[in-house]
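Student: Right, I'll just put the structure down here and ask away after.
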């Protein structure tokens with residue numbers, strides 16, 4: 001098959017697979033339910049939508065709408081979603097639609113970046129097509145663990161896998177596209193001419209801009225790029241065996257690293273300073289823990305690509321130097337994954353991509369040593385690596401069919417949210433149950449006492465407080481004190497809160513809204 005046609009068919013298949021389930025979910029709600037917009041990881045999806053709402057309201061500084069004290073705001077944090085909110089307002093597009101349009105645009109950019117990567121590495125069109133299909137469609141062996149209760153990383157760490165990234169949210173897809181763009185090896189040099197010399201500065205401008213954009217979406221991606229390039233440069237320089245430092249500083253690779261560092265490091269450095277300078281954001285950041293999965297989990301989640309990559313490592317090292325980027329990229333990420341600090345899992349970002357390229361070499365190596373047809377090996381690989389993504393798609397469709405409460409809102413809840421948006425002051429603080437608290441900021445722009453395990457400061461204590469209130473465990477006098485000391489303005493009691501229990505008996509509440517299943521109360525002065 002023609003190479004361009006092959007890329008188009010695979011890309012179209014990906015776009016349909018990450019779009020049709022969402023369209024089905026929109027239609028499946030009927031008159032009683034409204035699709036919340038997310039088939040996977042609705043918790044983080046709603047938090048991104050809340051950030052977009054801040055942008056839609058005119059903000060360029062991120063504030064903690066999931067906390068009673070939103071802080072003064074910090075520049076550059078979540079600027080991608082704040083910017084999408086501004087764009088949605090300018091274009092008069094609903095926030096949720098803008099989110100998914102950006103997700104599809106990111107998917108297209110990532111698929112294009114993958115074709116560029118494989119075309120720069122493989123001379124054979126057959127190898128290029130196989131690498132593209134593996135990187136765009138495949139995943140790990142997590143499906144094998146499900147019958148035993150194992151929920152491995154390939155089922156939820158979306159930023160590791162191109163397909164799952166494009167299925168989940170826009171900033172994963174866009175940041176992976178930038179990561180690939182910055183790590184694509186350069187083509188071998190041809191004799192210099194005037195036009196090539198004129199392009200020298202543009203050759204540094206695009207990496208600078210790319211690293212700056214990546215730092216705004218995924219600062220850990222900048223670290224992966226810099227360390228990968230630095231290891232490659234050191235290895236190449238060491239091989240000259242003479243004038244190490246002179247050759248290092250004079251090399252084009254050295255200045256490429258400098259340019260990427262200048263573009264990609266200032267924003268993360270500023271963010272670290274700003275967060276630690278503000279006690280509200282410091283408390284928020286301290287509970288943001290993303291430890292690495294266990295080794296057995298990583299092995300299952302990255303195999304069979306990981307196993308085939310190990311087989312292809314020697315072949316990659318012996319081939320053109322450009323193939324080393326795959327080995328160093330994968331190795332660097334795996335080492336960073338177990339460096340002892342609280343955000344280890346962030347370094348799984350894009351890890352499946354270099355493994356996909358090494359898998360192609362691994363299949364070549366295996367074909368030469370066992371009596372199995374090449375096509376049989378390829379088919380076997382896809383039989384093992386496709387089911388996880390298929391399960392994720394069908395689980396989303398099942399959630400849509402059954403109107404799962406983490407995927408759908410009731411029509412009454414949506415009506416109540418619309419009333420809040422129209423009638424409640426913008427700076428109001430609303431007390432809801434722990435589940436409803438996730439939806440108030442993105443759908444109304446109002447703050448909640450608790451709504452998110454990471455974006456609510458002191459989240460565990462806040463969750464315990466609201467749970468005790470709605471289960472009736474809090475005595476009336478204590479409940480009264482809670483409402484006063486926390487400066488609660490309104491109480492939202494919908495179907496999710498009613499499942500918890502009864503409200504404490506309070507005389508200071510005035511009912512101001514009700515429909516079939518939702519009641520909203522205002523605190524008396």
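The values are calculated or read from the model by the stated rules, or taken from the named source; none is laboratory data. Just so you know, these numbers come straight off a predicted model, no measurement behind them. We place every Cβ from the backbone using ideal geometry, glycine too, and count neighbours over all the protein chains shown.
Student: What do you reckon, is residue 450 assigned to a loop (DSSP other than H, G, I, E, B), closer than 21 Å to residue 42 by Cα and out of contact with any helix residue (DSSP H, G or I) (no Cβ under 7 Å at 6 or more places or on another chain)?
Tutor: no
Student: Check the range 506-520 and report whether any residue there is assigned by TED's automatic domain parsing to the domain that holds residue 457, on the phi > 0 side of the Ramachandran plot and surrounded by fewer than 17 Cβ atoms within 10 Å (Cβ to Cβ).
Tutor: The answer is no; no qualifying residue exists.
Student: Given the structure, is residue 67 part of a loop (DSSP other than H, G, I, E, B), touching a residue at least 60 places away in the same chain (Cβ under 8 Å) and in contact with a strand residue (DSSP E or B) (Cβ under 8 Å, 6 or more places away or on another chain)?
Tutor: Yes: the conditions hold for residue 67.
Student: I'm trying to understand the selection: among the residues of the range 453-479, which are part of a helix (DSSP H, G or I) and under 23 Å from the mean Cα position of the chain (by Cα)?
Tutor: Scanning the range 453-479 gives a single hit, 459.
Student: Against the condition outside any loop (DSSP other than H, G, I, E, B), touching a helix residue (DSSP H, G or I) at 6+ places or on another chain (Cβ under 7 Å), touching a residue at least 24 places away in the same chain (Cβ under 8 Å) and surrounded by 24 or more Cβ atoms within 10 Å (Cβ to Cβ), how does residue 417 come out, does it pass?
Tutor: no
Student: Looking only at the range 256-273, which residues are touching a residue at least 60 places away in the same chain (Cβ under 8 Å) and surrounded by fewer than 19 Cβ atoms within 10 Å (Cβ to Cβ)?
Tutor: 270
Student: On the given criteria, is residue 82 outside any loop (DSSP other than H, G, I, E, B) and under 22 Å from residue 162 (Cα atoms)?
Tutor: Considered against the rule, which asks whether it is outside any loop (DSSP other than H, G, I, E, B) and under 22 Å from residue 162 (Cα atoms), residue 82 comes out as no.
Student: Name the residues in the range 34-56 that are more than 20 Å from the chain's Cα centre (by Cα) and under 21 Å from residue 487 (Cβ atoms), would you?
Tutor: Matches in the range 34-56: none.
Student: Out of curiosity, is residue 116 assigned to a helix (DSSP H, G or I), in contact with a helix residue (DSSP H, G or I) (Cβ under 9 Å, 6 or more places away or on another chain), touching a residue at least 40 places away in the same chain (Cβ under 8 Å) and surrounded by fewer than 19 Cβ atoms within 10 Å (Cβ to Cβ)?
Tutor: yes
Student: Determine, yes or no, whether residue 378 is free of Cβ contacts under 8 Å to residues at least 24 places away in the same chain and closer than 21 Å to residue 154 by Cβ.
Tutor: No.
Student: Quick one: which of 71, 58 is modelled with pLDDT under 95, outside the structural domain of residue 487 (by TED's automatic domain parsing) and in contact with a helix residue (DSSP H, G or I) (Cβ under 6 Å, 6 or more places away or on another chain)?
Tutor: 71
Student: Among 313, 336, which is closer than 30 Å to residue 459 by Cβ and either in a helix (DSSP H, G or I) or in contact with a helix residue (DSSP H, G or I) (Cβ under 7 Å, 6 or more places away or on another chain) (or both)?
Tutor: None of the others qualify; the one that does is 336.
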